[in-house]
1. Filtering the stretch 22-60 down to residues that are among the charged types (D, E, K, R) and either touching a Cys at 6+ places or on another chain (Cβ under 7 Å) or touching a residue at least 40 places away in the same chain (Cβ under 8 Å) (or both), which residue is nearest to ligand 2 (Cβ to nearest atom)?
2. If a residue must be within 18 Å of the chain's Cα centre (by Cα) and not polar (S, T, N, Q), how many such residues does the stretch 44-74 contain?
3. Within the stretch 213-255, work out how many residues are more than 13 Å from ligand 2 (Cβ to nearest atom) and either open to solvent by 30 Å² or more (accessible area, probe 1.4 Å) or in a helix (DSSP H, G or I) (or both).
4. Across the stretch 69-83, what is the total count of residues that are open to solvent by 40 Å² or more (accessible area, probe 1.4 Å), in contact with a helix residue (DSSP H, G or I) (Cβ under 8 Å, 6 or more places away or on another chain) and either closer than 15 Å to residue 43 by Cβ or hydroxyl-bearing (Ser, Thr, Tyr) (or both)?
5. If I ask for residues that are within 12 Å of ligand 1 (Cβ to nearest atom) and open to solvent by 10 Å² or more (accessible area, probe 1.4 Å), which ones from the stretch 34-64 would you list?
6. Out of all the residues in the stretch 194-201, is one or more surrounded by 15 or more Cβ atoms within 10 Å (Cβ to Cβ) and farther than 16 Å from residue 100 by Cα?
7. Under 7 Å between Cβ atoms, at least 6 apart or on separate chains: pull out the pairs that start in the stretch 124-135 with a residue that is without any contact (Cβ under 8 Å) to a residue 12 or more places away in the chain and end on any residue that is hydrophobic (A, V, I, L, M, F, W, C) and open to solvent by less than 70 Å² (accessible area, probe 1.4 Å).
8. Pairs please, first residue from the stretch 213-229 and without any contact (Cβ under 8 Å) to a residue 40 or more places away in the chain and aliphatic (A, V, I, L, M), second anywhere and open to solvent by less than 20 Å² (accessible area, probe 1.4 Å) and part of a helix (DSSP H, G or I), Cβ atoms under 9 Å, 6+ apart in sequence or on different chains.
Amino acid sequence: MASQDIILAKLNQQQKIAVESTEGPLLVFAGAGSGKTRVITNRIAYLITEKGISPKNILAVTFTKKAAGEMQERVLSLLKELNVGNENTPLIGTFHSIGALFLRNNAKYVGLSPNFSIFDTNDSENLIKDILVEQNIDIKQIKPKAISYFISAAKNEMVSPDTFSHHYGGFLEDITAEIYPLYQKQLLSQNALDFGDLIYLTVKLLSENERVLGKYQDMYPYMMIDEYQDTNTAQYMFAKLLSQKYQNICVVGDDDQGIYGWRGADIKNIQNFEKDFENVKVVKLEQNYRSTGNVISAATAVIQQNTLRVEKALWTEKGSGNCISVYQAND
Ligand SMILES: Nc1ncnc2c1ncn2[C@@H]1O[C@H](COP(=O)(O)OP(=O)(O)OP(=O)(O)O)[C@@H](O)[C@H]1O
Ligand SMILES: [Mg+2]
């Protein structure tokens with residue numbers, strides 16, 4: 001069987017349209033278990049085997065290491081099935097791992113050397129604690145964790161140390177405004193950065209250095225993002241900057257499944273995709289492969305209460321299945 005037939009045989013009509021729409025911005029709006037990730041993996045294979053795109057020119061971004069690992073595995077096994085050698089592979093990673101890669105290769109532009117260390121939450125909080133103590137601030141009253149929370153929220157929003165006080169006001173926020181610049185300076189002097197910086201500094205680098213931006217735009221003219229509803233401002237800007245030149249950006253997501261609001265994810269990124277990019281093609285995946293009819297009807301009845309969502313009509317070929325039972329749990 002030709003590779004095209006092998007790929008398309010795994011897909012339903014809507015999934016096929018999404019896989020074959022390789023040029024220009026594409027928004028795949030889909031429900032849970034409707035094959036969003038399957039679309040991305042097959043689209044990657046299709047770009048390589050049918051469009052002759054080098055794997056080196058393809059970037060796929062996910063949120064968790066686990067998702068990135070699974071995607072990598074699914075793509076490699078698909079390429080093997082299609083007899084594509086694996087001397088070149090697409091770059092598949094989390095926003096954080098891709099940010100780390102870009103920063104290691106361009107460390108000098110952000111004032112670091114390539115062997116910088118990455119502070120985890122614990123390291124960050126310890127550094128904040130030291131700075132608070134130095135500033136004679138009582139750490140029994142002002143918890144380093146709270147300051148760390150505000151600093152990481154600021155980075156998710158692309159708010160710099162100098163402008164923090166313009167954006168956030170309040171008791172703890174005023175202290176953060178004082179600590180944030182000192183913290184950044186300390187990180188730099190230790191040749192270190194924190195998790196938030198992996199995206200914050202990458203976006204800063206791409207927006208301030210045209211040559212570096214151009215290099216990555218040419219390197220990754222095809223970009224795909226899974227679970228796009230979970231992107232925060234910094235991640236959104238990363239996607240927007242990288243895809244600006246060629247506009248071949250495919251995002252898949254479900255506005256009913258935003259789970260990262262607490263860490264700055266903005267469901268509006270997916271809701272506004274059609275306004276943010278020009279000539280967006282929209283594909284909806286509405287066939288669910290995971291659940292039975294009763295589960296889907298119950299879930300639909302709940303999410304329909306949300307008036308801000310994009311209408312999707314999920315259906316399944318599976319029968320109604322068992323009745324659902326209601327379990328009332330304490331909050
Ligand atoms: N066209 C298809 N034919 C048969 N099975 C499919 C098809 N598309 C997806 N599936 C199956 O449905 C399940 C869900 O697929 P996938 O993980 O790609 O969906 P998803 O929308 O990314 O799910 P989630 O909402 O959990 O992220 C998987 O077991 C997958 O193999
Ligand atoms: Mg998925």
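1. 36
2. 13
3. Qualifying residue count for the region: 23.
4. Within the stretch 69-83, residues that are open to solvent by 40 Å² or more (accessible area, probe 1.4 Å), in contact with a helix residue (DSSP H, G or I) (Cβ under 8 Å, 6 or more places away or on another chain) and either closer than 15 Å to residue 43 by Cβ or hydroxyl-bearing (Ser, Thr, Tyr) (or both) number 1.
5. Hits for the stretch 34-64 are 35, 36, 37, 38, 63, 64.
6. no
7. 133/139
8. 213/205; 213/206; 213/242
The values are calculated or read from the model by the stated rules, or taken from the named source; none is laboratory data. Here the structure is a predicted model, which is why all the values come from computation and not from measurement. Note that we place each Cβ from the backbone using ideal geometry, even for glycine, and neighbour counts take in every protein chain shown. Side chains included, ligands, DNA and RNA excluded: accessible areas come from the protein's heavy atoms. Shrake-Rupley method; radii C 1.70, N 1.55, O 1.52, S 1.80 Å.
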